[in-house]
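The values are calculated or read from the model by the stated rules, or taken from the named source; none is laboratory data. Keep in mind the model is a prediction, meaning the values are calculated, not measured. Using ideal geometry, Cβ is built from the backbone for each residue, glycine included, and neighbour counts are taken over all protein chains shown. Heavy atoms of the whole protein, side chains included, go into the accessibility calculation; ligands, DNA and RNA do not. Shrake-Rupley method; radii C 1.70, N 1.55, O 1.52, S 1.80 Å.
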Amino acid sequence: MTSSVPAASVPPKPPARGSDRFVAYVHTLCESNGTRADLRRGLGLPVERCNYLHRYLVPWLTKRTDPDHKVHPDAKRAHYAVAALIAARPRSARDTPPAGATDDAPAVDWYQRANLGAAFAQAVTKGVMKPGTAESTLHLMCRQSAEAIHPGLPALTRRLLNGRIPVDWAVLLEDLSFWNRYRDKVATRWLESYFRTTSAEPADDSNPSSATPDTFEETVR
């Protein structure tokens with residue numbers, strides 16, 4: 001009599017982050033030219049002036065928040081801003097799938113994914129930006145509030161995308177959501193990523209002291 005040996009169980013992969021699901025949702029919306037045009041109208045604007053975006057984003061934010069809590073203003077502004085930025089992508093970047101958008105996406109530690117500092121570094125190494133310009137812009141942004149950063153993001157991300165530098169929208173969404181509350185930590189990650197990438201040093205973002213909260217759902221409260 002033979003006994004069967006149970007197959008080794010494979011731990012289930014954690015579901016995609018809320019930020020990844022939102023980015024995937026916006027990519028789906030942008031398949032419609034009319035919707036993409038509506039979302040693009042919010043470029044660089046505060047939520048109060050994004051009248052054409054409410055019909056698409058309010059249902060999403062309402063369904064994914066605790067009914068006893070309002071969406072945090074920083075998180076709300078970040079969602080509107082990123083939706084408009086995705087909608088405004090140049091045609092050459094529209095076919096690029098969002099990173100980590102589905103549960104089938106390769107597992108990559110969140111803090112290993114490219115933030116804006118890493119994107120700046122890639123722009124330098126590929127000749128899209130000069131080192132002096134990239135560093136001065138990055139240092140300036142790291143000193144500013146989220147309200148000051150938002151208006152400049154459309155031109156900045158367009159320059160990166162036109163230079164074939166990918167932008168991880170989910171990472172940007174979370175960084176903007178946390179910015180006013182954890183600016184020093186997020187800014188430190190941006191700067192470390194920039195100089196680590198330009199010097200080609202191995203990444204090590206596992207230090208929790210430099211990390212923002214790992215649960216993105218906290219940003220909506």
Turns out the helices (runs of 4 or more DSSP H) fully within region 114-207 with at least 2 residues that are farther than 20 Å from F22 by Cβ and hydroxyl-bearing (S, T, Y) are 131-143, 169-198
Listed by first then second residue, the pairs whose first member lies in region 138-153 and is closer than 16 Å to P73 by Cα, whose partner is part of a loop (DSSP other than H, G, I, E, B) and of a type outside the set (D, E), with beta carbons under 9 Å and at least 6 positions apart or on separate chains, are E147/P46; H150/G44; H150/L45; H150/P46
Among residues of region 208-221 being surrounded by fewer than 16 Cβ atoms within 10 Å (Cβ to Cβ) and in a helix (DSSP H, G or I), the residue modelled with the highest pLDDT is E217
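Quick check on region 84-98. Is at least one of its residues surrounded by 12 or more Cβ atoms within 10 Å (Cβ to Cβ), within 18 Å of A16 (Cβ to Cβ) and modelled with pLDDT of 95 or more?
The answer is yes, given that some residue of region 84-98 is surrounded by 12 or more Cβ atoms within 10 Å (Cβ to Cβ), within 18 Å of A16 (Cβ to Cβ) and modelled with pLDDT of 95 or more.
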The condition of being at pLDDT 55 or above, within 30 Å of P151 (Cα to Cα) and open to solvent by 50 Å² or more (accessible area, probe 1.4 Å) holds, among R36, R41, R17, only for R41
Residue hits (region 136-182; surrounded by 18 or more Cβ atoms within 10 Å (Cβ to Cβ) and among the charged types (D, E, K, R)) are D168, E174, D175
Exactly one of R164, R181, R158 is touching a residue at least 60 places away in the same chain (Cβ under 8 Å), under 22 Å from R49 (Cα atoms) and out of contact with any Phe, Trp or Tyr (no Cβ under 6 Å at 6 or more places or on another chain), and that one is R158
Result of the Cβ filter at 7 Å on region 23-37, keeping first residues that are on the phi < 0 side of the Ramachandran plot and partners that are open to solvent by less than 60 Å² (accessible area, probe 1.4 Å) and hydroxyl-bearing (S, T, Y), at least 6 apart or interchain, is L29/T35; L29/Y56; T35/Y56
